[in-house]
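Have a look at the structure below before the remarks.
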Amino acid sequence: MGAEEFKMREPQTKKIWKAVRKDWRLYVLLLPMVIWFVLWAYKPMGGLLIAFKRFDPQFGIWGSEFKGIDNFINLVSGVNKVEFWQAFRNTFIISAYSLIFGFPVPIILALLFAEIGNDTVRKLTQTATYLPHFLSEVTITGIALMLVYSGVRSTGIIASLLQHIGLIDPGVSIMQKSNYFRPLYIMVGIWKESGYNSIVYFAAIMGISPTLYEALKVDGGNKFQEIRFITFPGMAPTLIIMIIMRIGSMLTIGYERVLLLYNANIYVTADVLSTFEQRIGILSGNYGIGAAVSLFNSLIAFALVIGANTISRNISETSLW
(Lines give C-alpha, C1' and ligand atoms only; values in the text may rest on other atoms or scores of the structure.)
Protein backbone atom coordinates (compact mmCIF):
# COMPACT_ATOMS: atom_id res chain seq x y z
CA MET A 1 0.00 0.00 0.00
CA GLY A 2 2.79 2.37 0.93
CA ALA A 3 4.81 1.54 -2.19
CA GLU A 4 1.79 2.04 -4.45
CA GLU A 5 1.04 5.36 -2.79
CA PHE A 6 4.66 6.44 -3.25
CA LYS A 7 4.52 5.53 -6.96
CA MET A 8 1.36 7.60 -7.32
CA ARG A 9 3.02 10.62 -5.70
CA GLU A 10 6.35 10.26 -7.47
CA PRO A 11 5.33 11.93 -10.75
CA GLN A 12 3.94 14.92 -8.82
CA THR A 13 7.19 15.17 -6.85
CA LYS A 14 9.23 15.08 -10.05
CA LYS A 15 6.97 17.76 -11.51
CA ILE A 16 7.60 20.03 -8.50
CA TRP A 17 11.37 19.54 -8.64
CA LYS A 18 11.32 20.17 -12.37
CA ALA A 19 9.57 23.48 -11.78
CA VAL A 20 12.10 24.36 -9.05
CA ARG A 21 15.05 23.56 -11.31
CA LYS A 22 13.52 25.60 -14.11
CA ASP A 23 12.94 28.72 -12.00
CA TRP A 24 15.68 28.20 -9.40
CA ARG A 25 16.76 31.85 -9.62
CA LEU A 26 13.37 32.99 -8.41
CA TYR A 27 13.51 30.59 -5.47
CA VAL A 28 16.98 31.84 -4.56
CA LEU A 29 15.60 35.38 -4.48
CA LEU A 30 12.73 34.14 -2.32
CA LEU A 31 15.03 32.31 0.12
CA PRO A 32 16.12 35.36 2.22
CA MET A 33 12.49 36.28 2.88
CA VAL A 34 11.66 32.69 3.84
CA ILE A 35 14.62 32.62 6.23
CA TRP A 36 13.53 35.97 7.70
CA PHE A 37 10.01 34.68 8.34
CA VAL A 38 11.30 31.48 9.92
CA LEU A 39 13.67 33.31 12.25
CA TRP A 40 11.55 36.33 13.15
CA ALA A 41 7.94 35.16 12.76
CA TYR A 42 7.75 31.40 13.33
CA LYS A 43 10.67 30.62 15.64
CA PRO A 44 9.52 33.15 18.30
CA MET A 45 6.16 31.35 18.45
CA GLY A 46 7.86 28.91 20.80
CA GLY A 47 7.58 31.65 23.40
CA LEU A 48 3.81 31.08 23.49
CA LEU A 49 4.56 28.23 25.89
CA ILE A 50 5.04 30.92 28.55
CA ALA A 51 1.25 31.38 28.52
CA PHE A 52 0.91 27.85 29.93
CA LYS A 53 3.66 28.09 32.52
CA ARG A 54 4.64 29.95 35.67
CA PHE A 55 7.58 31.49 33.90
CA ASP A 56 10.75 32.06 35.88
CA PRO A 57 13.65 33.68 33.96
CA GLN A 58 16.06 31.69 36.11
CA PHE A 59 14.83 28.37 34.66
CA GLY A 60 13.87 29.56 31.17
CA ILE A 61 10.85 28.54 29.13
CA TRP A 62 11.44 24.78 29.22
CA GLY A 63 12.46 24.62 32.85
CA SER A 64 9.59 26.68 34.26
CA GLU A 65 6.68 24.98 36.00
CA PHE A 66 3.82 23.93 33.71
CA LYS A 67 0.47 25.37 34.88
CA GLY A 68 -1.88 24.43 32.03
CA ILE A 69 -4.63 26.97 31.48
CA ASP A 70 -4.34 28.53 34.95
CA ASN A 71 -3.13 31.83 33.48
CA PHE A 72 -6.18 32.05 31.22
CA ILE A 73 -8.53 31.22 34.10
CA ASN A 74 -6.87 33.94 36.15
CA LEU A 75 -7.49 36.39 33.33
CA VAL A 76 -11.18 35.76 32.75
CA SER A 77 -12.31 34.91 36.29
CA GLY A 78 -9.41 35.49 38.69
CA VAL A 79 -7.91 38.49 40.45
CA ASN A 80 -7.11 40.20 37.13
CA LYS A 81 -10.53 39.75 35.55
CA VAL A 82 -11.78 43.32 36.15
CA GLU A 83 -8.75 44.95 34.54
CA PHE A 84 -8.63 42.38 31.74
CA TRP A 85 -12.27 42.74 30.68
CA GLN A 86 -11.98 46.51 30.94
CA ALA A 87 -8.94 46.44 28.62
CA PHE A 88 -10.71 44.01 26.27
CA ARG A 89 -13.79 46.23 26.11
CA ASN A 90 -11.73 49.36 25.49
CA THR A 91 -9.73 47.62 22.76
CA PHE A 92 -12.85 46.46 20.97
CA ILE A 93 -14.62 49.84 21.27
CA ILE A 94 -11.62 51.85 20.06
CA SER A 95 -11.07 49.43 17.16
CA ALA A 96 -14.75 49.52 16.19
CA TYR A 97 -14.81 53.33 16.24
CA SER A 98 -11.58 53.46 14.26
CA LEU A 99 -13.10 51.14 11.66
CA ILE A 100 -16.35 53.11 11.44
CA PHE A 101 -14.84 56.60 11.34
CA GLY A 102 -11.33 55.90 10.05
CA PHE A 103 -11.85 53.38 7.26
CA PRO A 104 -13.86 55.69 4.94
CA VAL A 105 -11.40 58.62 5.16
CA PRO A 106 -8.65 57.12 2.91
CA ILE A 107 -11.32 56.18 0.38
CA ILE A 108 -12.65 59.73 0.33
CA LEU A 109 -9.11 61.08 -0.04
CA ALA A 110 -8.45 58.74 -2.97
CA LEU A 111 -11.64 59.90 -4.67
CA LEU A 112 -10.61 63.53 -4.17
CA PHE A 113 -7.09 62.88 -5.49
CA ALA A 114 -8.55 61.27 -8.61
CA GLU A 115 -10.57 64.42 -9.32
CA ILE A 116 -7.55 66.76 -9.24
CA GLY A 117 -6.72 67.42 -12.87
CA ASN A 118 -3.38 69.16 -12.37
CA ASP A 119 -0.66 66.53 -11.79
CA THR A 120 1.60 68.92 -9.87
CA VAL A 121 -1.16 69.97 -7.49
CA ARG A 122 -2.21 66.36 -6.97
CA LYS A 123 1.34 65.22 -6.19
CA LEU A 124 1.88 68.07 -3.74
CA THR A 125 -1.44 67.34 -2.03
CA GLN A 126 -0.70 63.63 -1.80
CA THR A 127 2.77 64.27 -0.40
CA ALA A 128 1.33 66.55 2.27
CA THR A 129 -1.15 63.88 3.36
CA TYR A 130 1.44 61.08 3.25
CA LEU A 131 3.93 62.99 5.42
CA PRO A 132 2.43 62.22 8.89
CA HIS A 133 2.85 58.48 8.24
CA PHE A 134 6.62 58.89 8.07
CA LEU A 135 6.84 60.89 11.29
CA SER A 136 7.36 59.00 14.53
CA GLU A 137 4.48 58.23 16.84
CA VAL A 138 6.11 60.42 19.48
CA THR A 139 6.20 63.42 17.14
CA ILE A 140 2.59 63.08 15.98
CA THR A 141 1.29 62.47 19.50
CA GLY A 142 3.34 65.37 20.85
CA ILE A 143 1.78 67.73 18.30
CA ALA A 144 -1.69 66.44 19.19
CA LEU A 145 -1.04 67.01 22.91
CA MET A 146 0.06 70.57 22.17
CA LEU A 147 -3.23 71.17 20.35
CA VAL A 148 -5.38 69.87 23.23
CA TYR A 149 -3.27 71.10 26.14
CA SER A 150 -5.12 73.25 28.65
CA GLY A 151 -2.93 75.24 30.98
CA VAL A 152 -2.66 78.48 32.89
CA ARG A 153 -0.27 80.26 30.55
CA SER A 154 -1.03 78.63 27.21
CA THR A 155 -3.84 76.58 25.73
CA GLY A 156 -3.93 74.55 22.52
CA ILE A 157 -6.18 75.49 19.61
CA ILE A 158 -8.57 72.57 20.07
CA ALA A 159 -8.74 73.08 23.84
CA SER A 160 -9.47 76.79 23.31
CA LEU A 161 -12.28 75.94 20.88
CA LEU A 162 -13.84 73.45 23.32
CA GLN A 163 -13.61 76.02 26.11
CA HIS A 164 -15.18 78.67 23.90
CA ILE A 165 -18.24 76.53 23.13
CA GLY A 166 -18.50 75.46 26.76
CA LEU A 167 -17.62 71.75 26.52
CA ILE A 168 -14.74 72.04 29.00
CA ASP A 169 -13.96 74.48 31.77
CA PRO A 170 -10.98 76.85 31.46
CA GLY A 171 -7.80 75.34 32.88
CA VAL A 172 -9.17 71.79 32.86
CA SER A 173 -6.93 69.39 30.96
CA ILE A 174 -8.64 67.26 28.33
CA MET A 175 -6.22 64.45 29.13
CA GLN A 176 -7.58 64.22 32.66
CA LYS A 177 -11.07 63.38 31.41
CA SER A 178 -11.64 59.81 30.27
CA ASN A 179 -14.42 60.60 27.79
CA TYR A 180 -12.02 62.56 25.54
CA PHE A 181 -9.42 59.83 25.12
CA ARG A 182 -11.12 57.72 22.47
CA PRO A 183 -11.99 60.60 20.09
CA LEU A 184 -8.46 61.97 20.46
CA TYR A 185 -6.86 58.59 19.81
CA ILE A 186 -8.99 57.99 16.72
CA MET A 187 -8.40 61.48 15.29
CA VAL A 188 -4.64 61.16 15.71
CA GLY A 189 -4.76 57.80 13.92
CA ILE A 190 -6.81 59.23 11.05
CA TRP A 191 -4.44 62.17 10.71
CA LYS A 192 -1.34 59.95 10.73
CA GLU A 193 -2.41 57.09 8.45
CA SER A 194 -5.25 58.20 6.18
CA GLY A 195 -3.07 59.78 3.51
CA TYR A 196 -0.74 56.80 3.31
CA ASN A 197 -3.61 54.29 3.31
CA SER A 198 -5.24 56.13 0.41
CA ILE A 199 -2.46 54.93 -1.92
CA VAL A 200 -3.98 51.50 -2.48
CA TYR A 201 -7.45 52.96 -3.15
CA PHE A 202 -6.04 55.57 -5.52
CA ALA A 203 -4.24 52.79 -7.40
CA ALA A 204 -7.52 50.86 -7.65
CA ILE A 205 -9.27 53.92 -9.08
CA MET A 206 -6.49 54.48 -11.61
CA GLY A 207 -6.92 50.86 -12.75
CA ILE A 208 -10.51 51.46 -13.87
CA SER A 209 -10.88 51.83 -17.63
CA PRO A 210 -11.51 55.48 -18.70
CA THR A 211 -13.86 54.27 -21.41
CA LEU A 212 -16.41 53.36 -18.74
CA TYR A 213 -16.52 56.97 -17.55
CA GLU A 214 -16.76 58.23 -21.13
CA ALA A 215 -19.68 55.91 -21.84
CA LEU A 216 -21.52 57.13 -18.74
CA LYS A 217 -20.96 60.77 -19.73
CA VAL A 218 -22.41 60.03 -23.17
CA ASP A 219 -25.49 58.63 -21.42
CA GLY A 220 -25.80 61.85 -19.39
CA GLY A 221 -24.44 60.57 -16.08
CA ASN A 222 -23.20 63.00 -13.44
CA LYS A 223 -20.24 62.78 -11.07
CA PHE A 224 -22.13 61.02 -8.28
CA GLN A 225 -23.39 58.43 -10.74
CA GLU A 226 -19.81 57.87 -11.91
CA ILE A 227 -18.75 57.15 -8.35
CA ARG A 228 -21.77 54.96 -7.62
CA PHE A 229 -21.90 52.86 -10.78
CA ILE A 230 -18.26 52.78 -11.93
CA THR A 231 -15.77 53.81 -9.25
CA PHE A 232 -17.14 51.86 -6.30
CA PRO A 233 -17.83 48.65 -8.28
CA GLY A 234 -14.31 48.90 -9.74
CA MET A 235 -12.84 49.34 -6.27
CA ALA A 236 -14.99 46.60 -4.70
CA PRO A 237 -12.38 43.79 -4.65
CA THR A 238 -9.79 46.11 -3.10
CA LEU A 239 -12.30 47.44 -0.55
CA ILE A 240 -13.30 43.92 0.50
CA ILE A 241 -9.72 42.72 0.91
CA MET A 242 -8.78 45.81 2.91
CA ILE A 243 -11.77 45.58 5.22
CA ILE A 244 -11.07 41.89 5.89
CA MET A 245 -7.52 42.77 6.87
CA ARG A 246 -8.76 45.66 8.99
CA ILE A 247 -11.22 43.42 10.82
CA GLY A 248 -8.42 40.94 11.48
CA SER A 249 -6.41 43.63 13.24
CA MET A 250 -9.32 45.01 15.26
CA LEU A 251 -7.88 43.86 18.59
CA THR A 252 -4.34 44.85 17.64
CA ILE A 253 -3.88 48.35 19.00
CA GLY A 254 -0.28 49.49 19.30
CA TYR A 255 0.67 50.50 22.80
CA GLU A 256 2.96 53.38 21.77
CA ARG A 257 0.24 55.98 21.13
CA VAL A 258 -1.81 54.80 24.09
CA LEU A 259 1.17 55.05 26.44
CA LEU A 260 1.89 58.57 25.19
CA LEU A 261 -1.72 59.71 25.62
CA TYR A 262 -3.07 57.97 28.69
CA ASN A 263 -2.54 58.26 32.44
CA ALA A 264 -3.90 56.61 35.58
CA ASN A 265 -6.91 58.95 35.66
CA ILE A 266 -8.32 57.69 32.35
CA TYR A 267 -7.57 53.94 32.56
CA VAL A 268 -11.30 53.29 32.46
CA THR A 269 -11.43 54.19 28.75
CA ALA A 270 -7.74 54.21 27.74
CA ASP A 271 -6.34 50.92 29.02
CA VAL A 272 -6.20 48.40 26.14
CA LEU A 273 -4.95 44.82 25.87
CA SER A 274 -1.46 45.82 24.72
CA THR A 275 -0.92 48.25 27.61
CA PHE A 276 -2.50 45.81 30.07
CA GLU A 277 -0.15 43.11 28.79
CA GLN A 278 2.85 45.43 29.11
CA ARG A 279 1.89 46.57 32.60
CA ILE A 280 1.05 43.19 34.10
CA GLY A 281 3.46 41.06 32.09
CA ILE A 282 6.63 43.15 32.09
CA LEU A 283 6.33 45.80 34.78
CA SER A 284 4.72 43.45 37.32
CA GLY A 285 6.76 40.41 36.30
CA ASN A 286 3.72 38.17 35.61
CA TYR A 287 5.13 36.90 32.33
CA GLY A 288 2.75 33.96 32.06
CA ILE A 289 -0.34 36.14 32.34
CA GLY A 290 1.13 38.65 29.90
CA ALA A 291 1.75 35.88 27.36
CA ALA A 292 -1.78 34.57 27.96
CA VAL A 293 -3.17 38.01 27.08
CA SER A 294 -1.13 38.08 23.88
CA LEU A 295 -2.22 34.56 22.85
CA PHE A 296 -5.86 35.32 23.66
CA ASN A 297 -5.65 38.47 21.53
CA SER A 298 -4.08 36.55 18.63
CA LEU A 299 -6.70 33.79 18.72
CA ILE A 300 -9.55 36.30 18.65
CA ALA A 301 -7.90 38.16 15.74
CA PHE A 302 -7.45 34.87 13.87
CA ALA A 303 -11.10 33.99 14.38
CA LEU A 304 -12.16 37.44 13.12
CA VAL A 305 -10.09 37.05 9.95
CA ILE A 306 -11.52 33.58 9.27
CA GLY A 307 -15.08 34.78 9.87
CA ALA A 308 -14.76 37.94 7.76
CA ASN A 309 -13.09 36.03 4.93
CA THR A 310 -15.76 33.31 4.96
CA ILE A 311 -18.62 35.82 4.92
CA SER A 312 -16.98 37.81 2.13
CA ARG A 313 -16.37 34.68 0.02
CA ASN A 314 -19.99 33.57 0.39
CA ILE A 315 -21.49 36.99 -0.33
CA SER A 316 -19.21 38.57 -2.92
CA GLU A 317 -16.92 35.71 -4.06
CA THR A 318 -13.95 37.93 -3.18
CA SER A 319 -11.66 36.83 -0.37
CA LEU A 320 -8.08 36.57 0.80
CA TRP A 321 -8.04 32.83 0.11
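The values are calculated or read from the model by the stated rules, or taken from the named source; none is laboratory data. The shown structure was predicted, so the numbers you read here are calculated from the model rather than taken from an experiment. Positions of Cβ are generated from backbone atoms using ideal geometry, with glycine treated the same way; all protein chains shown enter the neighbour counts. What goes into the accessible areas is simple: the full protein's heavy atoms, side chains included, and nothing from ligands, DNA or RNA. Shrake-Rupley method; radii C 1.70, N 1.55, O 1.52, S 1.80 Å.
Things worth noting here:
- Note that segment 21-170, at 37 °C in a medium of 0.692 mPa s, gets a Stokes-Einstein diffusion coefficient of 148 µm²/s from its Kirkwood radius over C-alpha pairs.
- Most mobile listed residue (89, 257, 25) in the chain, GNM with C-alpha springs under 10 Å: 25
- Relative contact order %, the chain, counting alpha carbon pairs below 8 Å whose residues are six or more apart: 24
- Comparing 34, 305, 158 along the charge dipole axis of the chain, the residue lying farthest to the positive side is 34, per the Cβ-charge model.
- Of the whole protein surface, residue 146 contributes about 140 Å² of accessible area at a 1.4 Å probe radius.
- Gap separating the Cα centres of segment 158-213 and segment 281-299, nearest whole Å: 31
- Estimated dipole of segment 20-90 in Debye, rounded to 20 [Cβ of Lys and Arg +1, of Asp and Glu -1, Cα centre]: 360
- For the chain, the Cβ-based charge dipole about the Cα centre amounts to some 580 debye (Lys, Arg positive; Asp, Glu negative; other atoms uncharged).
- Shape category assigned to segment 197-321 from the gyration tensor of Cα positions, a/c cut at 1.5: prolate
- Only Lys, Arg (+1) and Asp, Glu (-1) charged, at Cβ; segment 187-301 dipole about Cα centre in debye: 80
- Overall form of segment 252-304 per C-alpha gyration tensor (a/c, 1.5; a/b vs b/c): oblate
- Semi-axes of the equivalent ellipsoid for the chain, computed as √(5λ) from the eigenvalues of its C-alpha gyration tensor and ordered from largest down, come to 39, 37, 18 Å.
- The slack in the chain from residue 85 to residue 306, taken as 0.36 nm per residue of separation less the alpha-carbon distance, amounts to 77.2 nm.
- Charge dipole of the chain about the Cα centre (unit charges at C-beta), most positive-ward option of 265, 206, 220: 206
- Heavy-atom surface of segment 214-321, accessible at 1.4 Å and reported per residue (Å²): 53
- Ranked from largest to smallest solvent-accessible area, with a 1.4 Å probe on the protein heavy atoms, 22, 123 come out as 22, 123.
- Surface per residue (accessible, 1.4 Å probe) for segment 30-113, Å²: 64
- Each label was represented as a point 7 Å from its Cα along the Cα-to-Cβ direction; for residue 217 and residue 203 these points are 2.7 nm apart.
- For residue 53, distant residues with modelled amide H under 5 Å away: 67
- Considering segment 213-273, its Cα convex hull presents a mean projected area of 6.7 nm².
- With all protein chains in place and a 1.4 Å probe, the accessible surface of segment 202-287 carries 63 percent carbon and sulfur.
- Accessible area (Å², 1.4 Å probe, nearest 10) - residue 64: 10
- Highest-first arrangement of 304-310, 34-40, where packing means the average Cβ count within 10 Å: 304-310, 34-40
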